[in-house]
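Below: one structure, written as structure tokens.
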Amino acid sequence: QVQLVESGGGLVQAGGSLRLSCATSGRTLSRYYMGWFRQAPGKERDLVARITWSGGSTYYADSVKGRFTISRDNAKNTVYLQMNSLKPEDTAVYYCAASQAYYPVRVGEYNYWGQGTQVTVSS
């Protein structure tokens, strides 16, 4: 059984920063692609950032490029999302997910999900 547990969400003012963490357990996910998704009320769940198992390749949605950074520490079985220069439109529930697919983008391509952590950015 694979478990993903997100932490680090909260309330922050616009322009501030947060660092999300995703701790994994139950299986070594070093060969999995890891992604961060977000879902705002009434909207679809969208991929924000993705990282390969080696950490050598990353993907970012256009809306977060230059502001967010995804990283992973396979020794600690943890994935991070550093979020800087936060905007009110970044407000959403953020989910960590793991995929065995190559360069996965869609929700359906991810095998395991965390429970989500709320990020609220006030103006």
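The values are calculated or read from the model by the stated rules, or taken from the named source; none is laboratory data. Since the model is a prediction, treat every value here as computed from it, not as a measurement. When we count neighbours, we look across all protein chains shown, and the Cβ atoms used for this are built from the backbone with ideal geometry, even at glycine.
For this structure, a couple of remarks:
- Qualifying residue in region 35-48 (condition: in contact with a Leu (Cβ under 8 Å, 6 or more places away or on another chain), in contact (Cβ under 8 Å) with a residue 12 or more places away in the chain and of a type in the set (Val, Ile, Thr)): yes
- In region 63-75 there is at least one residue that is hydroxyl-bearing (Ser, Thr, Tyr), farther than 18 Å from Val5 by Cβ and out of contact with any Ser or Thr (no Cβ under 9 Å at 6 or more places or on another chain).
- Filtered by the rule that a residue be within 18 Å of Tyr110 (Cα to Cα) and modelled with pLDDT under 95, region 52-70 gives Thr52, Trp53, Ser54, Gly55, Ser57.
- Any chance Thr78 is touching a Gly at 6+ places or on another chain (Cβ under 9 Å), under 16 Å from Gln3 (Cα atoms) and β-branched (Val, Ile, Thr): no
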